[in-house]
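J.: This is the structure I have questions about; it appears just below.
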Amino acid sequence: MVWMILGIVSALFLGCYDISKKLALRNNAVLPVLLLATVFGALMMVPVLIASYTSSAWMQAHHLYVAPQSWLTHLALFAKAVIVSSSWICAYFAMKHLPISIATPIRASAPVWTLAAAMLLFHERPNGWQMAGMAVVFCSYYAFAVLGQREGIQFRKNRWIGLIVLATILGTISAVYDKYLIASLGIAPITVQAWFAVYLVVVLGLVVLCCWVPKRKNYTAFHWSWAIPAIGILLMIADFAYFTALSQEGALLSMLSILRRSSVVVSFTAGGLILKESGKRHKALALAGVLAGVLLIMLPR
């Protein structure tokens, strides 16, 4: 049950992360916002890396030690940064142009793909109640898509919908890769998070330098927002809970993916109360389905 609780904690912080992301992107340049957010997230990991070198015994005692890794491991972690960077670039552009109460539920459809991958690659077998819970959640996500069409968003023709779907598929690949890094290669969760955060800055820094800086006058101007550092900090906390959950004995990737994406609850509430988005009543019904599905998943085996 510990890994399930950590999954819920991750979802709460991930929902707050989505809110900060939407606020930071309003009338703002996407790529520099994304880069600065990852910089603030990586800054949280720098003390962990330094302390692992200077105070290794204390860090090991508190399960925060980042052990030295081979160049092959660093290459594997860099590959994760490339996958996630691609996913986030698509997701950030889509989030800027779509209502948060539509974008985040579509993003949350990742468990559909994750479940299939987890069952195929890792031979995970959810029980009957958990399968029923996933079915309820998936149907609720579909309801969100239907409601989006009522707001004039044509899913087949809207390029931002295409980007959020692509971001979701890439996110699923990243989730499966996480399981491989932690469960198969035996890399400690804190090691994955720390070096992944650093390599994200490297990858996104190159993207900004090559794609945004030379043509920045042709794009939306960048302006500072205090929501930007909040993005990186909240994501680091959410990821720490998630990676720790993934390392727990008996943790199921398919279940964690569902629980993590229940962050849509927080995003929906923000869309209705803070961002004043429309269609709250019907979206609330779809949201109730998400909650019901999560409760079924949480039932004891």
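We did not get these values from a lab; they are worked out from the coordinates using the rules stated. Because the structure is predicted, anything quoted here is derived from the model rather than measured. Ideal geometry is used to build each Cβ from the backbone, glycine not excepted, and the neighbour counts take in all protein chains shown.
J.: With label points built 7 Å along Cα→Cβ from the Cα atoms of residue 218 and residue 57, find their separation and express it in nm.
T.: About 5.9 nm, to one decimal.
J.: Could you pull out which residues in segment 204-239 have an amide N less than 18 Å from a spot 7 Å beyond the Cα of residue 159, following the Cα-Cβ vector?
T.: Counting only backbone N, you get 211-212, 215-221.
J.: Sticking with this one: My understanding is that a pair violates if its Cα-Cα distance is over 26 Å; which of 96/217; 21/215; 80/217 do that in this structure?
T.: From the list (96/217; 21/215; 80/217), the Cα-Cα distance tops 26 Å for 80/217.
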